[in-house]
Number of protein chains: 2
Amino acid sequence: MASTNGISDDTTTLAQQARLASLALQSASKKHKSAALKRIHDLLAERKDAVLEANKRDLENAKKEVDAGRLSSSLYKRLDLSGGNGDKYAGLLQGVLDVEQLPDPTGQVTLATRLDNDLELYRVSCPVGVLLIIFEARPEVVVQISCLAIKSGNAVILKGGKEAAHSNQELFKILQDALASLPEELSIPPTAVQLVSTRDEIATLLKLDPYIDLVIPRGSKQLVQYVQESTRIPVLGHADGLCSVYVDEDADEEKAVSVVVDSKVNYPAACNATETLLIHFHALPRVFPAIARGLISKGVQLRLDERSQATLTAAGVESGQLTTAREEDFQTEFLDLIIVVKTVDSLQEAIAHINKFGSHHTDAIVTENEANAEEFMSKVDAAGVYWNASTRFADGFRYGFGAEIGVSTNKTHARGPVGLEGLVIYKYRLYGKGHTAGSYGEGKKQYLHEPIPLETVKDRFIK
Amino acid sequence: MASTNGISDDTTTLAQQARLASLALQSASKKHKSAALKRIHDLLAERKDAVLEANKRDLENAKKEVDAGRLSSSLYKRLDLSGGNGDKYAGLLQGVLDVEQLPDPTGQVTLATRLDNDLELYRVSCPVGVLLIIFEARPEVVVQISCLAIKSGNAVILKGGKEAAHSNQELFKILQDALASLPEELSIPPTAVQLVSTRDEIATLLKLDPYIDLVIPRGSKQLVQYVQESTRIPVLGHADGLCSVYVDEDADEEKAVSVVVDSKVNYPAACNATETLLIHFHALPRVFPAIARGLISKGVQLRLDERSQATLTAAGVESGQLTTAREEDFQTEFLDLIIVVKTVDSLQEAIAHINKFGSHHTDAIVTENEANAEEFMSKVDAAGVYWNASTRFADGFRYGFGAEIGVSTNKTHARGPVGLEGLVIYKYRLYGKGHTAGSYGEGKKQYLHEPIPLETVKDRFIK
């Protein structure tokens, strides 16, 4: 049973147990992992009432916080596992089966080379090791992330929000019991999944780089920044989601309206919602009034620079939702029905603006000019660069990954929406017959370095 | 011209310049990069005398340090660019041409999916951005790393050792002049390569995570640890190289002798040299005396546990090179002709020992038993796991990469010997026709998520 009392020694022990479990998981077969996921699914279905009971206690406490104005009602809603007439719990159960069905990300051969006769090198994907996931509110994350970790052969330490403490604990107990009840020939150590609940434990865990390989903070900008600043362990995630749409001088009006409006209003609180609209001055009189009308009709507040303001005045577009842009608006992630508008003199100015003020998450160009689109997509340094498409497509499910660990604005390991492949790394396996490095070199044996066709070896390491 | 005066503001400016240069490099074509590398080669050939003159000054200063006992003679030798009757400089020149010939690591499509009709997603490799490389002694690293950075489209900030200051400055000047003299249609900003020379500048640069994407420390364990502890920027490298060979009960004697001796003596100062020999107690009397004789004949000191000591005594192997192992020897990277020997009771004990004490760099098993080999290779958590092959093969050139940025024991991004692919990440390019996320969902449009065959699009983003 995981320690949850916040004492640093216990936390270290817990992380060591996770490391040992991860080493056992390194050699878990697809069959092992599937059996575990199916068992988790069945036990979750069986104990639905107990979960909803625990969830009810969290909801009761949260209700008091909402009434006292200390908790937002949207957070309260995210806490509720009984929502949608039971659909939410059904979705949770289905999610476990969906993960079970995903292709195994481990055992994939990505390079195979015959270094010499009987000396063969394989680069094979394998689990990263131990994950630390810190999340807020939504208790179903306990299940989702644990399943993704097991599927990819990783051990996981979970830290949820205190609002969901009872729900998290109940779900965690089910995960533990499911793993503990696997038949011996398919065993996975229950210590592969651990739960902690206090901030003190997080502070300790963030220092345990010998035992933890990757931290994934899922939550507020403050949470992500705190984690980034407090650890040497690699962090996968993003603090900001400051996305932009650039409407080029060669933009089609209809596409511009569709893309800008969807990017802004489809779900303004998401990290892939657009905050900044850049527009070429040639496109202003032709395209901008229609864009502005589209945004206004959806209740968006527009913060305008001088030229875009003048364009709307000339076009007779008037609304109480029009205000003047301030310099700091270009560095603000509104996460709300607000957009700031800047007029640019060139494609290059738009690119420079995005590279300077954007968060390297997702940026789009609207244009009919292919050369301009390609220049934008090459030169904008972001995880996603889109041509005539809404920034809201930046999402693991929309990309077809079947799962999303998070969205990363990192420049190493994994970038953009991250699926299961973000939870694996690789190892090199070298097969020899007693080969020595000293027998190669000038006047000695020479390396062959002959590629081995991947299709001939792709199943070799799948267990 | 790069600032080298150690003032923090200048260092920040330099990093900002590198960032801007990296943005320009994002769209550099293969032709651009080849032209730059050829120009660098030609100018290096043309100014050989000036480089060797500068190098002579460094050597003169270093000679005094060697005489005073403050510098090792091996470091002095590594400093010398005129070595090998001019072969070293010829090798430096050839190295530039070799890098030019390597496949371009950018523009590679690793995923292509039709999300819907006319909505196509591509994952395309691209440069990481700005690299910071910190190295010691060997001045040719200035050229090698700059060429690898340019080839992969990255800007680079170099910090060399003070012993090579004159050589580094002269080589850096050639790189700057080469880039500055490119024809305009093939221009690459000379600010893509920067040189700093003081430790103060490094301390500043390690804090500039908005401008620097990856740090690669190449040098002592102390240097790597200092860097790891001083920055939030991802660090690629390894502090330790504690490799092991495990001689299984089913080991072939001849292979065991070859692999162990080569792993230890081929180049003891390298990170991939073996420090620990684990041997199954069943293999002790049969195989260990021959291994010990092989090691002794090469001047290796053996630090023995009780059982291995007794085996040698019984076999009549006697030598002044035999001593008793201490507990701390199993955690020591000797980097010398010393090996510590531990007898284990099982394969599992060997695996557990390596996972606990090893540095996750490269570990080998010697056995004729395939099941044991596979268990070892699955369960040992290291960048390289070898069967009947010397740990000394862990090297980018031996792996056939044509270049080596360094060896990484990281669990994310790049692991093991790292070639050019360690200097790239990817971005997602999405091509639409005005598509909006709001038009998909229940009762609306559905995603196709249809794979686009990679062979049909592999050249699409190569410029």
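Summary table
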| quantity | calculated |
| --- | --- |
| Check on residue B:319, polar (S, T, N, Q), touching a residue at least 12 places away in the same chain (Cβ under 8 Å) and assigned to a helix (DSSP H, G or I) | no |
| Subset of the stretch A:427-463 (residues that are touching a strand residue (DSSP E or B) at 6+ places or on another chain (Cβ under 7 Å) and buried (at least 17 other Cβ atoms within 10 Å of the Cβ)) | A:427, A:428, A:429, A:430, A:431, A:432, A:434, A:435, A:447, A:461 |
| Residue list for the stretch A:253-273, filter: within 9 Å of residue B:434 (Cα to Cα) and of a type in the set (Gly, Ala, Ser) | A:256, A:258 |
| Residue check for residue B:141: closer than 24 Å to residue B:103 by Cβ, at pLDDT below 95 and open to solvent by less than 20 Å² (accessible area, probe 1.4 Å) | yes |
| Filtered residue count, the stretch B:400-429, keeping only those that are part of a loop (DSSP other than H, G, I, E, B), facing chain A (nearest Cβ under 7 Å) and either closer than 25 Å to residue A:23 by Cβ or polar (S, T, N, Q) (or both) | 4 |
| Search result, residues across the stretch A:430-463 that are at positive phi and either in contact with a His (Cβ under 9 Å, 6 or more places away or on another chain) or facing another protein chain (nearest Cβ under 7 Å) (or both) | A:434, A:449 |
| Residue in the stretch B:154-167 that is closer than 28 Å to residue A:381 by Cα, over 22 Å from the mean Cα position of the chain (by Cα) and modelled with pLDDT of 95 or more present | no |
| Restricting the stretch B:239-252 to residues that are open to solvent by 20 Å² or more (accessible area, probe 1.4 Å) and modelled with pLDDT of 90 or more, the residue that is farthest from the other protein chains (Cβ to nearest Cβ) | B:249 |
| The stretch B:363-398 - residue that is among the hydroxyl-bearing types (Ser, Thr, Tyr), buried (at least 24 other Cβ atoms within 10 Å of the Cβ) and facing another protein chain (nearest Cβ under 8 Å) and, of those, nearest to residue B:250 (Cα to Cα) | B:386 |
| Selection status of residue B:389, in the same structural domain as residue B:264 (by TED's automatic domain parsing), of a type in the set (A, V, I, L, M) and touching a residue at least 40 places away in the same chain (Cβ under 8 Å) | yes |
| The stretch B:109-137, subset more than 12 Å from chain A (Cβ to nearest Cβ) and open to solvent by 30 Å² or more (accessible area, probe 1.4 Å), residue farthest from the chain's Cα centre (by Cα) | B:117 |
| Helices (runs of 4 or more DSSP H) (entirely within the stretch B:1-84) containing at least 2 residues that are more than 30 Å from residue A:354 (Cβ to Cβ) and touching a residue at least 40 places away in the same chain (Cβ under 8 Å) | B:30-46, B:48-67, B:73-79 |
| Residue tally, condition part of a helix (DSSP H, G or I) and without any contact (Cβ under 8 Å) to a residue 40 or more places away in the chain, over the stretch B:293-312 | 11 |
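The values are calculated or read from the model by the stated rules, or taken from the named source; none is laboratory data. As the structure is a prediction and not an experimental result, all values here were calculated from the model. Here the Cβ is made from the backbone with ideal geometry for all residues, glycine too, and neighbour counts use every protein chain on show. When the accessible area is computed, the model is the full protein with side chains, heavy atoms only, and any ligands, DNA or RNA have been set aside. Shrake-Rupley method; radii C 1.70, N 1.55, O 1.52, S 1.80 Å.
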